[in-house]
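Notes to accompany the following structure.
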Amino acid sequence: MTSWLAGLEERARAVLPAPVLEYVAQGARESLTAAGAADAWRAVRFLPHVMRDVTDVDPGVELLGRRSEVPWGVAPTTLQRAVHPEGELAMVRATAAAGAVTVVSSNAGTGFAEIGATGARWWLQAYLPSDRTLAEPMLARAVEAGAEAVVLTVDTPVVGTKHVVGESVWDTVDPGLVRVNFGPGHEQHPGADKATDLGPHDIDWLQTRTGLPVVVKGVLRPDDARRCVQAGAAAVWVSNHGGRQLDRAVATATALPAVVAEVGRDAQVYVDGGVRSGLDVLAALASGADAVFLGRSPVWALAGGEEGVARLHAELLAETVEALRLAGCRTAAEARSLLRQAAVPGA
Ligand SMILES: Cc1cc2nc3c(=O)[nH]c(=O)nc-3n(C[C@H](O)[C@H](O)[C@H](O)COP(=O)(O)O)c2cc1C
């Protein structure tokens, strides 16, 4: 018997078309980074507290100054409408009901106005094109529809090669299910390709254009994290894109502590990649993350529609609260003490 969460991918595999399944599961090249992500969290060992009152446990956190009822959010993923007809709408509704934020991919298959009309809390994820001005209408639409932050993905100067077995999802999926927030013919426009010259100045550019806090997603090194924070980033998001970009990039569980040590006092630090259970959430919090983000898990859950995503949040909450209690932590923030031996007085 495994937990409901552990069986999530297998249950989605029973209902989703093969090209969609493969698209969600795939990693870049040999998938070494994708395959190692979850094990890296499982290798973390805790020093639990005992004899503390854990009757009431609050797993909530503050994300960019607003309370989230759970220490996680939903990471941006494309093709949600190929997984379920309600796609992003089901995702944001169920996630908002759990008191969490959803990051909506700029390549989403649902219009930002429709997402905003749900009243759910959401952040926009953006890739910037070579000609930055081409992103402006899409950014303006997101701001208009109530996005509360912009997550700039910086690990994708080119799309990492994935080896597809069988039919590619892009040959099977209705083009109307993706990138609906750009004008017609956007991709053919000179300068619409992904920027290969991103730099810290883009953080300021985005902040000025949108008036929103900027989160930089795809950072693995402390020196890069420092450059982002110096350039005005409100948060850095430790990510290797779920192992879909540079294969053999370090596991995020390995990269996180040094990034926290470098910038954790000046900015929030988030992490994603291979988080599949409440114990993984605890490992990320113990390693210093302010919050974790979930990539593939909510997509697998979305195969069961809004109800599936709601169950994902409920199961993860139950596991996380149990883990916090067993570790002697009353809050998510207290989990930061779980990797440290307490100082011995007088030693
Ligand atoms: C199907 C799929 C589509 C994705 N699309 C995007 C995207 O549009 N923008 C982005 O920044 N990251 C994208 N990602 C990466 C996720 O945001 C996240 O970094 C990653 O999935 C986390 O790892 P996990 O899947 O192991 O939780 C995608 C990931 C998957 C699996």
**Message:** I'd like the accessible area for R340: 1.4 Å probe, protein heavy atoms, all chains in place, Å² to the nearest 10.
**Reply:** 150
**Request:** Please state, as a whole number in µm²/s, the translational diffusion coefficient that the Stokes-Einstein equation yields for the chain at 25 °C and 0.890 mPa s, with Rh defined as the Kirkwood radius across alpha carbon pairs.
**Result:** 120
**Message:** With the crude spin-label approximation of a point 7 Å out along Cα→Cβ, what separation in nm comes out for R45 versus D204?
**Reply:** 4.7
**Request:** Please give the contour-minus-distance gain from T55 to H189: 0.36 nm per residue of separation, less the Cα-Cα distance, rounded to one decimal in nm.
**Result:** 42.4 nm
**Asked** If one takes the longest principal axis of the Cα atoms in the chain, at what angle in degrees, from 0 to 90 and to the nearest 10, does the Cα axis of helix 87-97 lie?
**Response** 30
**Request:** Read phi for every residue in segment 207-213 and hand back ³J(HN,Hα) as whole Hz from Karplus 6.51 cos²θ - 1.76 cosθ + 1.60, θ = phi - 60°, with x for Gly and Pro.
**Result:** 4, 5, 5, 9, x, 10, x
**Message:** I'd like to know which of A261, A310, V238 lies farthest towards the positive end of the charge dipole of segment 236-347, counting +1 on Cβ of Lys and Arg and -1 on Cβ of Asp and Glu.
**Reply:** A261
**Nitroxide proxy distance, nm - points 7 Å out along Cα→Cβ at R11 and A117** = 3.0
**Request:** Count the DSSP beta bridges whose two residues both fall in the chain, then state the antiparallel fraction as a percent rounded to the nearest 5.
**Result:** 15
**Request:** Give me the accessible area of D58, 1.4 Å probe, in Å² rounded to the nearest 10.
**Result:** 60
**Asked** Accessible surface of D56 in the full protein assembly, 1.4 angstrom probe, to the nearest 10 Å²?
**Response** 120
**Item:** From phi via Karplus (6.51, -1.76, 1.60), per-residue ³J(HN,Hα) for segment 24-36 in Hz, x at Gly/Pro
**Value:** 5, 6, 4, x, 6, 6, 8, 6, 5, 5, 4, 6, x
**Message:** I need the phi-derived Karplus couplings for segment 128-138: 6.51 cos²θ - 1.76 cosθ + 1.60, θ = phi - 60°, integer Hz, Gly and Pro marked x.
**Reply:** 9, x, 3, 8, 4, 4, 5, 7, 4, x, 5
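In terms of solvent-accessible area of protein heavy atoms at a 1.4 angstrom probe, what is the ranking of K194, K217, highest value first?
Numbers: K194 60, K217 10 Å².
The residues order as K194, K217, largest area first.
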**Request:** Search the structure for amide H atoms under 5 Å from the amide H of V101, placed 1.01 Å from N in the peptide plane, and list their residues when 5 or more places away or on another chain.
**Result:** V74
**Message:** Just to be sure I understand the model, the point goes 7 Å from the Cα along the line to the Cβ. What's the resulting R66 to V165 distance in nm?
**Reply:** 4.2
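The values are calculated or read from the model by the stated rules, or taken from the named source; none is laboratory data. In this text the structure is predicted, and so the values were computed from the model without any measurement. So basically every Cβ, Gly included, is an ideal-geometry build from the backbone, and we count neighbours across all protein chains shown. Quick note on the areas: whole protein, heavy atoms, side chains included, nothing else; ligands and nucleic acids left out. Shrake-Rupley method; radii C 1.70, N 1.55, O 1.52, S 1.80 Å.
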